[in-house]
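In what follows, a single structure is set out as structure tokens and then discussed.
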Amino acid sequence: MKKPPRMATDLFVLTLPAILAIAMGGAKHGVPSKAPAPASSVLLVRGEHVAQAANCAGCHTAPNGGAPFAGGRAISSPFGSIEASNITPDPRFGIGRYTYEDFDRAVRHGVAPGGKALYSAMPYTEFSTMSDDDLRALYAYLMQRVAPVAKPALPAGEQPPNDDDSHYSHS
Ligand code: HEC
């Protein structure tokens, strides 16, 4: 007739730290897992704040109601006006195929995948001091919380800058 309350208590005690570890982003220290764990909401919220503080959308969103981060705003530079890229996670027109390392090179070092140097209209020198943790959060946010937009940044009629493998060229 005796119920086993101890069992339940022990189970709880064993499980709670595990749940907390996962919720708190224990993956940072390599908690083994087969599938890549979805980023925690803590990380994504941090990434959103980083994006706001750095004003990525300010340049990477077209004026007059352009889709967020889909590009289309012309940024003036000493080299003339440079179109801000589509940085939504679309694999063809955006940064969907960027690894984290690709993202780091572009955002903190001004080098796009394929080795093309970005114009300084993209203010990577301002982002070079961004911490690894902020950059990872920003990457997770852009990849997982921004809607992919399968369109080149340039308005229709102009040559798309992101077509297939010429994705990273700016000619
Ligand atoms: C002052 C305007 C401005 C701001 C702010 C800005 N960018 Fe850019 N970004 C640009 C322009 C312009 C380009 C295109 C540069 C070129 O074509 O060489 C660019 C290019 C990029 C690229 C390269 C895309 C490709 O073509 O492969 C990435 C990635 C990127 N930006 C991410 C970001 C992120 C993330 C932020 C916020 C931390 C940000 N940018 C903030 C203007 C800006």
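The values are calculated or read from the model by the stated rules, or taken from the named source; none is laboratory data. This is a predicted model, so every value here is computed, not measured. Here the Cβ is made from the backbone with ideal geometry for all residues, glycine too, and neighbour counts use every protein chain on show. SASA here: full protein model, heavy atoms, side chains in, ligands and nucleic acids out. Shrake-Rupley method; radii C 1.70, N 1.55, O 1.52, S 1.80 Å.
Taken as a whole, the condition of being over 10 Å from the mean Cα position of the chain (by Cα), part of a loop (DSSP other than H, G, I, E, B) and closer than 13 Å to residue 50 by Cβ does not apply to residue 122. Total residues in segment 99-155 satisfying the condition of being farther than 21 Å from residue 61 by Cβ and either hydroxyl-bearing (Ser, Thr, Tyr) or in contact with a His (Cβ under 6 Å, 6 or more places away or on another chain) (or both): the figure is 6.
Of all the residues in segment 79-110, those that are at pLDDT 95 or above and either assigned to a helix (DSSP H, G or I) or among the aliphatic types (A, V, I, L, M) (or both) number 13. In segment 98-119, the qualifying residues are those that are open to solvent by 50 Å² or more (accessible area, probe 1.4 Å) and more than 8 Å from the ligand (Cβ to nearest atom), and the one that is nearest to residue 143 (Cα to Cα) is 99.
When residues in segment 99-113 are screened for being in contact with a Leu (Cβ under 8 Å, 6 or more places away or on another chain) and of a type in the set (Val, Ile, Thr), 2 of them pass.
Considering only segment 44-63, I want to know if a residue exists there that is part of a strand (DSSP E or B) and out of contact with any strand residue (DSSP E or B) (no Cβ under 7 Å at 6 or more places or on another chain). Checked segment 44-63: at least one residue is part of a strand (DSSP E or B) and out of contact with any strand residue (DSSP E or B) (no Cβ under 7 Å at 6 or more places or on another chain).
I'd like the residue in segment 150-171 that is out of contact with any strand residue (DSSP E or B) (no Cβ under 8 Å at 6 or more places or on another chain) and at pLDDT 90 or above and, out of all such residues, is most open to solvent (accessible area, probe 1.4 Å).
Restricting attention to segment 150-171, the residues satisfying the condition of being out of contact with any strand residue (DSSP E or B) (no Cβ under 8 Å at 6 or more places or on another chain) are 150-151, 155-160, 162-169, 171.
Checking the rest, the ones that are also at pLDDT 90 or above come to 150-151.
On the way: 150: 67, 151: 126 Å².
By that ranking, first place goes to 151.
Look at (1) surrounded by fewer than 21 Cβ atoms within 10 Å (Cβ to Cβ); (2) assigned to a helix (DSSP H, G or I); (3) of a type outside the set (Asp, Glu) and you find that residue 129 fails only one, number (2). Summed over segment 50-80, residues that are near the ligand (Cβ under 9 Å from one of its atoms) and without any contact (Cβ under 8 Å) to a residue 24 or more places away in the chain total 6.
For residue 83, the requirement of being acidic (Asp, Glu) and within 10 Å of the ligand (Cβ to nearest atom) is met.
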